[in-house]
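Worksheet: one structure, shown below.
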Amino acid sequence: MTDVLGELTQAGVSVWLDDISRERLRSGNLESLVKDFHVRGVTSNPTIFANALAKGDAYDEQIKDLALRGVTVEEAARMITTYDIRWGCDVLRPVYEESLVDGRVSIEVAPGLARDTDKTVAEAKQLWWLVDRPNLFIKIPATAEGIPAITATLAEGISVNVTLIFSLERYGEVIDAFMAGLEQAAANGHDISTIASVASFFVSRVDTEVDKRLTKIGTPEALALKSKAAIANARLAYELYEQKLGGDRWKALAAKGARVQRPLWASTSTKDPSLPDTLYVVDLVTADTVNTMPEATLHATADHGVLQGDTVHGTYEESRALFASLEALGVHYDDVVKVLEDEGVSKFEVSWNEMLATIKNELSLNS
């Protein structure tokens with residue numbers, strides 16, 4: 001049987017799992033995915049934690065202890081989530097020590113802070129201290145207020161996963177913020193070879209929003225463009241990544257030992273059931289990237305994914321032409337990505353509040 005995930009890893013795509021839970025950790029499931037399915041990192045978000053807390057009994061003992069101590073709901077949330085992330089970091093530690101670039105586990109700052117630069121930085125520092133593992137990533141949303149927070153957090157020597165990137169313009173700002181953070185970290189005396197970052201470019205949600213607009217237009221020309229924007233957007237992001245790496249600013253940082261901020265393809269499960277369930281994996285294969293997958297997408301890729309070599313290089317002009325065609329039909333890129341960024345922050349905030357409500361209820365039952 002073909003080892004598709006192994007081939008993907010050999011092609012330069014690091015396979016990460018987009019999920020974590022106490023049950024996954026205590027059952028040994030994460031360890032088995034690392035061992036048998038080439039998983040080399042883990043990402044989390046408020047929705048993942050809300051789902052984990054809403055089912056099973058894995059958190060009961062800790063919640064009982066937290067209730068006895070009389071902690072606040074927010075503090076309980078921090079203790080619960082950082083416990084899982086610390087455990088995940090320990091499971092992935094051998095991968096980290098072997099590679100230094102992978103073996104990373106991500107935890108996100110509370111989404112309610114996404115529009116506040118200073119509070120985001122303060123929370124990032126607190127989470128870094130609480131988890132206390134070198135293979136941790138702090139996730140910071142790529143909002144306008146998040147951009148300076150990315151720089152300030154990296155300047156402290158803290159590794160960052162920049163999340164909720166939808167637009168090429170914002171992605172350019174993220175890369176510049178990353179390089180500014182490393183420059184400041186070097187000036188602050190940090191060894192920048194130990195500081196890592198990925199830029200999480202969201203994929204499937206772009207198709208969801210664009211296809212909704214194309215369906216509303218309803219013409220044959222519009223319908224023929226469905227389910228193509230997300231891949232094109234990600235491919236153009238990679239072109240921008242390459243352009244930035246070719247500049248003198250990056251070359252100066254690389255000379256000091258800096259490691260690249262790899263593009264990470266996030267939201268890679270297909271939302272449209274008519275699409276192949278491996279679409280956002282096999283069509284985004286190129287070196288120095290990460291693809292973080294829900295477990296269902298991971299197993300689908302392992303079972304029936306068909307790799308076709310590098311599916312990013314050589315596509316840039318075609319991708320630009322696609323967006324020109326969308327624009328001509330009235331599907332405006334700037335509006336699409338603004339809607340997606342606002343929705344992304346809002347959805348994670350809703351999930352975070354759901355998680356807090358679950359914890360508050362459990363604390364009250366155990367107090």
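Worth a mention:
- Neighbour counts of C-beta atoms inside 10 Å place Thr153, Thr9 in the sequence Thr9, Thr153, starting with the fewest.
- Ranked by how many other beta carbons lie within 10 Å on average, peptides 143-150, 262-269, 293-300 from highest: 262-269, 143-150, 293-300
- From the alpha carbon centroid of region 308-350 to that of region 169-239 is 8 Å.
- Label zone of Gln62 (point 7 Å out along Cα→Cβ, amide N under 19 Å): in region 88-112 this covers 88-93, 104-111.
- Equivalent ellipsoid, region 226-367 (semi-axes from 5 times Cα gyration tensor eigenvalues, Å): 31, 22, 19
- When its C-alpha radius of gyration is set against 2.2 N^0.38 Å (N residues), region 163-235 gives a value of 1.60.
- Size descriptor, Kirkwood hydrodynamic radius, that averages inverse alpha-carbon separations across region 41-183, Å: 15.9 Å
- All C-alpha to C-alpha distances of the chain, sorted into 20 Å bins beginning at zero, yield P(r) values of 29, 59, 11, 0 percent in whole numbers.
- Checked against a 30 Å cut-off, the cross-linked pairs Lys226/Lys347; Lys64/Lys125; Lys271/Lys338; Lys125/Lys212; Lys216/Lys347; Lys125/Lys360 give Cα-Cα distances beyond that limit for Lys125/Lys212.
- Per the Debye formula on identical point scatterers at the alpha carbon atoms of region 3-55, with no solvent, log10 I(q)/I(0) at q = 0.19 Å⁻¹ is -0.67.
- Sequence ranges 72-79, 107-114, 179-186, 198-205, ranked by mean other-Cβ count within 10 angstrom, highest first: 198-205, 107-114, 179-186, 72-79
- For region 220-294, the orientation-averaged shadow of the C-alpha convex hull comes to 6.3 nm² (one quarter of the hull surface).
- The peptide list 242-249, 209-216, 47-54, 220-227, put in order of mean Cβ contacts within 10 Å with the highest first, becomes 47-54, 209-216, 220-227, 242-249.
Bear in mind that the values in this text are calculations on the coordinates, not laboratory data. If you're wondering where the values come from, they're calculated on a predicted model, not measured in any experiment. Virtual Cβ from ideal backbone geometry, glycine too; neighbours counted across all protein chains shown.
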